[in-house]
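What follows is a short report on a single structure.
The values are calculated or read from the model by the stated rules, or taken from the named source; none is laboratory data. Model, not experiment: these values are computed from the prediction. As a convention, Cβ positions derive from the backbone with ideal geometry for all residues, glycine included, and neighbour counts pool all protein chains shown. Please note that ligands, DNA and RNA were not included when accessible areas were found on the heavy atoms of the full protein model with its side chains. Shrake-Rupley method; radii C 1.70, N 1.55, O 1.52, S 1.80 Å.
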Amino acid sequence: MTISFPPEVDEFVKQELARGAFGSEEELVINAVSALREIKLRHEQLRSDVQEAIDQADRGDIAPLDIDAIKAELMDEIDERGLPR
């Protein structure tokens, strides 16, 4: 398959190949398409989660947030430098 890129994309591809980030244009395109697919899947899941939350709120199935519990849970997920464990 031969792909023609717009000049700005072509320049980016050349830069990425020159710095050794990818072994070939094909590898870069495969990674880019995989990343796009992952973003789309996450977007679909987020949209579904938001709709579910809206439906729950419409039914009155909601509880107030416990900010202290949320903070504690997040603190458990990071180390002393603030990085994920």
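Please list, ordered by residue number, the helices (runs of 4 or more DSSP H) wholly in the chain having 2 or more residues that are acidic (Asp, Glu) and surrounded by 10 or more Cβ atoms within 10 Å (Cβ to Cβ). Talk me through it step by step, then tell me what you get.
On the way: elements: 7-18, 25-59, 67-76.
By residue number, 7-18, 25-59.
Contact annotation: no residue pair with Cβ atoms under 9 Å, 6 or more positions apart or on different chains, pairs a residue in the range 43-68 that is without any contact (Cβ under 8 Å) to a residue 24 or more places away in the chain and of a type in the set (S, T, N, Q) with a partner that is open to solvent by less than 100 Å² (accessible area, probe 1.4 Å) and part of a loop (DSSP other than H, G, I, E, B). Within the range 17-38, no residue that is more than 17 Å from Phe5 (Cα to Cα) and touching a residue at least 60 places away in the same chain (Cβ under 8 Å) sits with its Cβ atom under 8 Å from a residue that is surrounded by 13 or more Cβ atoms within 10 Å (Cβ to Cβ) and of a type outside the set (D, E, K, R) at 6+ positions apart or across chains.
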